[in-house]
Amino acid sequence: MKKDFREISVSLTPEVNDLLRGVSRMYCLNILFDHYNINVSEDDKVKLAENKNEIYRNYLMCLNKNDVEDGVLYMLSSLKEKHIKIAIGSSSKKTKLILSKLNIINLFDAIIDGNDISKSKPDPEVFLKASSRLNLKTEECMIVENAISRI
């Protein structure tokens, strides 16, 4: 999103960028336009969303196992060794592609993505589906979230 917003002279702070995690492209744009008091036509919003998606798709094609954050592979592998079930929940419709490119898809027992949900976080839908697919009660599950704004 940073590249798109540089084109319209908006600088994203880490705090604002954190608000954009786990939400749809259009919702992301609406957060930004509201936050920065920017008025943009619906046509321009759609164009920005399409541009953002194209940049994102190109980025995804370059992903590989070296892009896994430090400690993530160790944590996931440790959980698997202890026979702890792992689900991932994301509003992205490209979650499976990302996990495949990172070569970690096999570490997850359930994958819930934007194709499976109708409501983005912080709505609990994704978490409820994850516990269901793992055949666990919600009280038997722990959530690890990468964005405080989604909790």
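The values are calculated or read from the model by the stated rules, or taken from the named source; none is laboratory data. As the structure is a prediction and not an experimental result, all values here were calculated from the model. Positions of Cβ are generated from backbone atoms using ideal geometry, with glycine treated the same way; all protein chains shown enter the neighbour counts. Keep in mind that these areas ignore ligands, DNA and RNA; they rest on the heavy atoms of the full protein, side chains included. Shrake-Rupley method; radii C 1.70, N 1.55, O 1.52, S 1.80 Å.
Here are the numbers for this structure:
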| quantity | calculated |
| --- | --- |
| Relative contact order of the chain, defined on C-alpha pairs under 8 angstrom at six or more residues apart (%) | 23 percent |
| Separation of the residue 143 and residue 40 label points, Cα + 7 Å toward Cβ, nm | 2.8 nm |
| Extension gain from residue 123 to residue 66, taking 0.36 nm per residue of separation minus the Cα-Cα distance | 17.3 nm |
| Modelled FRET efficiency - R0 25 Å, residue 17 with residue 135, Cβ distances, 0.05 increments | 0.10 |
| Note, ³J(HN,Hα) from phi for the range 61-74, Karplus 6.51, -1.76, 1.60, rounded to Hz, x at Gly and Pro | 5, 8, 5, 8, 4, 6, 8, 6, 4, 3, x, 5, 4, 4 |
| Neighbour net charge for residue 111 - beta-carbon separation under 11 angstrom, K R +1, D E -1 | 0 |
| Directionally averaged projected area (convex hull, Cα atoms, the range 62-151), nm² | 6.0 nm² |
| Sites excluded, trypsin sites (Lys or Arg not before Pro) in DSSP loops with at most 11 other C-beta within 10 Å, longest stretch of the chain | 1-81 |
| Alpha-carbon radius of gyration plus Dmax, which is the widest Cα pair, for the chain in Å | 16.9, 52 |
| Solvent-accessible area, 1.4 Å probe, carbon plus sulfur percent, for the range 84-151 | 53 percent |
